[in-house]
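Report on one structure; see the data block that follows.
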Amino acid sequence: MGKYFDMLMEDVRMKEGLHSCMNCGVCTGVCPAAEFYNYDPRQIVNIVQTQDDEAIEGLMKSDVIWYCGECMSCRPRCPRGNTPGYVIQALRTLSQKLGFFVESEKGRQQLAIKRTIGENILRTGYCIVPKLVKPELHPEQGTVWEWIYNHDEEVYGRFTPVYNQQGAGALRRMDDNSMEEMRRIFEETGGNEFFETIERYSDRKAREMGYDGADDQYMMDTYTKNSNEHY
């Protein structure tokens, strides 16, 4: 009893985000995700406070903790000064570290996020750049975006003279020294190890599901397929 709770409490976000919840439900009342999903931040905080290992493990293996949009609407409304969003963040991180994230559909999408946004940081220094939003991966963007994507130099060149070039300004290409510093930060802070953990557990789960490891097909399926059971 309490093993996972103790591990969660090693996360500074838990120490700041969970004080003494009285289960008033204000966080759920203002939560945008709770309006659209079977998601109740009040219940999640309540489960964490029980320190029940089985219940907390169930959370970390579920889709529920991935419904939060991290908008932090809960933070300023809580009369006890809690931040349920921080509790969710800590649960997500521990789920990733322990490999529980691969047991849910939404959790498995962490591989796609790692391989797109995560790796893009190491490639470009940015979380997202226009060329990352590929039309075939984002059909919801429509034909206008496809045209912009294919004419990005012309479009973004009107807003910044250093688009995809070195210099000072928005959407500039990061210089080699800055990129090397970024990579050292990832190495020193454990970011690279964290990425490897996502890959390792994803590969194991992919093989369990009949894929040839966490290959491109598995990544695309986690990225694009939806069971339509998230309500």
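The values are calculated or read from the model by the stated rules, or taken from the named source; none is laboratory data. These figures come from a predicted structure and were not determined experimentally. Note that we place each Cβ from the backbone using ideal geometry, even for glycine, and neighbour counts take in every protein chain shown. Just so you know, the surface numbers come from the protein's heavy atoms only, side chains and all, with ligands and any DNA or RNA stripped out. Shrake-Rupley method; radii C 1.70, N 1.55, O 1.52, S 1.80 Å.
Quick rundown of the values:
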{"item": "Lys pairs, the chain - Cα-Cα below 25 angstrom, 8 or more residues apart or on other chains", "result": "28"}
{"item": "Ranked by how many other beta carbons lie within 10 Å on average, peptides 87-99, 15-27, 196-208, 133-145 from highest", "result": "87-99, 196-208, 15-27, 133-145"}
{"item": "Segment 93-231, accessible area per residue, ligands and nucleic acids excluded (1.4 Å, Å²)", "result": "61 Å²"}
{"item": "Sum of -39500 (n - 2.57) over DSSP H runs of 4+, divided by residues of the chain (222 nm, nearest 500)", "result": "-15000 deg cm²/dmol"}
{"item": "Solvent-free Debye scattering, log10 I(q)/I(0), computed from the Cα coordinates of the chain at q = 0.09, 0.14, 0.18 Å⁻¹", "result": "-0.48, -1.07, -1.33"}
